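The values are calculated or read from the model by the stated rules, or taken from the named source; none is laboratory data. Everything numeric here is computed off the predicted structure, so don't read it as measured data. When we count neighbours, we look across all protein chains shown, and the Cβ atoms used for this are built from the backbone with ideal geometry, even at glycine.
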Amino acid sequence: MTGMALNVGILTPFLWSTPSAVNEQVAALAERLTATGHRATVIAPSADRQAVDEAHRRVRAMLTGERARVFLPDEPYPRFFFAGATYAVRESRSLKLIAAPPELIANIDALLEAEDFDLVHLNEPFVPGLGWSALRHAGCPLVATFHANPEKMRPFWSTRPRLRRLFDSLDAAIASSVATRDMAALTFPGAYRVIPPGVDFRVFHPDGQRPPGPPRLVFAGGARRRKGLGVLLRALRLLGDDHPGAVLDVCGDDLQERRYARLVPSAWEGRVRFHGRVPRVAVAGLLRGADVFCAPSFGPESAGVGLLEAMASGAVVLASDIPGYDEVVLNEGTGLLVPPRDAPALAAALSRLLGDAELRRRLAGHALRAVRRYDLDRVAGEVLEVYEEVASRRRHPLPRRRRQQRELFADFHIHSHHSKDCTMPVADILQRAREVGLDVVAITDHDSAEGGLEARELADRYGVRVVVGEEVKTSEGEVIGLFLERTIPGGMSFADTIAAIKEQGGIVYLPHPFDRLHTVPSPAVLRANVADIDVVEVFNSRLAFPGFNELAERFARRYRLPAAAGSDAHVLPGIGTTLCGMDDFTGPDDFARALAESRIVRRPRSRLYLQSLKLLQTTMAGVSRGEGQVEPPA
């Protein structure tokens, strides 16, 4: 996949109309991807009614047939799709997104279906909202980035089971820091790749030689208590008037002045300036003129993109020694770290920095060199490596064949009396297949190929083609091998069983992969072996819940795997209740290609009736397996 242009949807749960660090990272990544020849579409909620109306108009035009896709082919990248607005409630003294209205979900579903993304990148999956609902329907691989320390999302961990299902559907998980990874892994164990946030050095950079004058401090956090502005003001009170002329610029939130202005010590009156929420370019200007950047947070933080931007701007970082921040700042090397909530320690460190210009120059110089590691181009390259690895799991679309005049009808999942839970004699199966108009049947007994081998010997008498198969119960779930010559023992690992199927030149057929009433492989096992899966059973007649078949269909679509169907018949009336209409094939080599243009035909019968008949036949006292076979035709 390396070198191929990717079509990527990048989804953020945060309102695009409200500035946020995550959205800034998303915008920068989309820009870098576009600059390197890829196609990026940002998908986000927005409170901008005009932008949302434009998304509605695009979707309506597509649904009514005025256009084939949401975006026209000649529209430039990166593209932006503002699907609607999200709801928010106040939780733990901060606003958290918890719901997405139906129109937003419907618009995103339409976009995902129409645009044929190679993958979708979900940002901040711990935040409740549109990602939980819409991405269950994505027909492509999924990547997620955990930006914030998940401890912030603890009020929503009651939804952990639903989050677990979303996490299991991910093809790759990225964490912005080791601290974020470790905290996320406590709730969702798995493989994470640590990729820190990037810094745009075109925006954040030193402004040449700093002009002479009193030192300047900058605080650029929010108004929430855990950001530590109150601790910083207590530290200034301890400093008193030891450093006359030093000033503090406070920005980031319009509530800061209302909440904290009365806490400014008298010695610093007129020297603490509240700017409120300011544009990103204004923040960059404040940082370029700063001597010390103060980050006294004592709550959970992640990689601290604000610290990185300050370092890139030539300021010395004075921060709390907390997880996330300690990955960015090397104490006494690229900045200073102090214990959280410790106003005296913070005051002492401030006094030291304000009184020693040489120390500030040394630390700032080391920080400027260290921060190059976070160059946005380099970080985007690391994310692209993840994209390419994930996208490589998808199959290239099989070339369409010219449709043959005669269509074969096949049922690829039938059991015989060689399965312990079935009493159907092989000859009866072939007779029934002929009666219901089947051209091809696959006999797939549990842990035995003997039924298929027996059926192949009788096939010519009934005019039905037989594919020898076996439904193998591995140590990690069930898998079917087609076109086999001998039985594969059960109990091996999923990967070893696949290898045994391939060794015989067979086809790996994945039956009912999401039916929780069967022994099925975990999502992790499926992802690890997806390159070796040849066919996915997207419809199984015996499944109790239709949603299990829908999940299988999404899985096949996500990785562009050929889809098939089977009745999973254990009784004669069940044969042919689901079948594939497909082109002819000569063997395993062209089997998947023949399925590329197949269609699924359903002939539903009562599942209750079929299951009751199965139980009756398998539990009837004195049943003798293999007896009562019909006489084969002459």
*Could we say that residue 567 is hydroxyl-bearing (Ser, Thr, Tyr) and touching a His at 6+ places or on another chain (Cβ under 8 Å) here?*
yes
_Counted residues, segment 522-546 - those being of a type in the set (S, T, N, Q) and either free of Cβ contacts under 8 Å to residues at least 60 places away in the same chain or touching a Cys at 6+ places or on another chain (Cβ under 7 Å) (or both)_ = 1
*Looking at (1) modelled with pLDDT of 95 or more; (2) hydrophobic (A, V, I, L, M, F, W, C); (3) surrounded by fewer than 14 Cβ atoms within 10 Å (Cβ to Cβ), which is the one condition that is false for residue 63?*
(1)
*May I ask you to verify whether residue 551 is modelled with pLDDT under 85 and either buried (at least 18 other Cβ atoms within 10 Å of the Cβ) or not in a loop (DSSP other than H, G, I, E, B) (or both)?*
no
_Quick check on my filter: what residues within segment 284-327 are under 16 Å from residue 228 (Cβ atoms), buried (at least 24 other Cβ atoms within 10 Å of the Cβ) and among the β-branched types (Val, Ile, Thr)?_
292, 317
*Considering only residues that are closer than 19 Å to residue 456 by Cβ and of a type in the set (D, E, K, R), look in segment 569-589 and name the one that is surrounded by the fewest Cβ atoms within 10 Å (Cβ to Cβ).*
589
*Residues of segment 485-521 classified as part of a loop (DSSP other than H, G, I, E, B) and touching a residue at least 24 places away in the same chain (Cβ under 8 Å), total*: 19
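Residues checked against (1) polar (S, T, N, Q); (2) surrounded by fewer than 16 Cβ atoms within 10 Å (Cβ to Cβ); (3) in contact with an Asp or Glu (Cβ under 8 Å, 6 or more places away or on another chain); (4) within 24 Å of residue 110 (Cα to Cα):
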{"residue": "10", "(1), (2), (3), (4)": "no, no, no, yes"}
{"residue": "16", "(1), (2), (3), (4)": "no, no, yes, yes"}
{"residue": "23", "(1), (2), (3), (4)": "yes, no, no, yes"}
{"residue": "35", "(1), (2), (3), (4)": "no, yes, no, no"}
{"residue": "38", "(1), (2), (3), (4)": "no, no, no, yes"}
{"residue": "44", "(1), (2), (3), (4)": "no, no, no, yes"}
_Members of segment 33-70 found to be within 28 Å of residue 382 (Cβ to Cβ) and either touching a residue at least 60 places away in the same chain (Cβ under 8 Å) or not in a loop (DSSP other than H, G, I, E, B) (or both), listed by number_ = 33, 34, 35, 36, 38, 39, 40, 41, 42, 43, 44, 45
*asked:* For segment 363-392, which positions are of a type in the set (Asp, Glu) and assigned to a helix (DSSP H, G or I)?
replied: 377, 382, 385, 388, 389
*Those residues that are surrounded by 19 or more Cβ atoms within 10 Å (Cβ to Cβ) and out of contact with any helix residue (DSSP H, G or I) (no Cβ under 6 Å at 6 or more places or on another chain), I need them from segment 466-476; list them, please.*
467, 470, 471
_Candidate set from segment 445-475 (those that are in contact with a Leu (Cβ under 8 Å, 6 or more places away or on another chain), of a type in the set (Val, Ile, Thr) and not in a loop (DSSP other than H, G, I, E, B)); member that is farthest from residue 507 (Cα to Cα)_ = 466
*Residue satisfying all of: in segment 165-180; at pLDDT below 90 and within 16 Å of the chain's Cα centre (by Cα); surrounded by the most Cβ atoms within 10 Å (Cβ to Cβ) among these*: 170
*Answer with yes or no whether residue 430 is part of a loop (DSSP other than H, G, I, E, B) and aliphatic (A, V, I, L, M).*
no
_Among the residues that make up segment 566-581, is at least one of them modelled with pLDDT of 90 or more, hydroxyl-bearing (Ser, Thr, Tyr) and more than 30 Å from residue 396 (Cα to Cα)?_
yes
_Return the residues of segment 316-337 that are more than 24 Å from residue 195 (Cβ to Cβ) and in contact (Cβ under 8 Å) with a residue 40 or more places away in the chain; say none if nothing qualifies._
316
_For segment 218-244: of the residues being under 45 Å from the mean Cα position of the chain (by Cα), in a loop (DSSP other than H, G, I, E, B) and without any contact (Cβ under 8 Å) to a residue 40 or more places away in the chain, which is surrounded by the most Cβ atoms within 10 Å (Cβ to Cβ)?_
223
*Identify the residue in segment 502-548 that is acidic (Asp, Glu) and buried (at least 19 other Cβ atoms within 10 Å of the Cβ) and, among all such residues, is farthest from residue 593 (Cα to Cα).*
515
*Among the strands (runs of 3 or more DSSP E) lying completely within segment 245-362, list those that include at least 1 residues that are more than 19 Å from residue 216 (Cβ to Cβ).*
316-320, 335-338
*Out of segment 165-199, which residues are outside any helix (DSSP H, G or I) and of a type in the set (Ser, Thr, Tyr)?*
169, 176, 177, 192
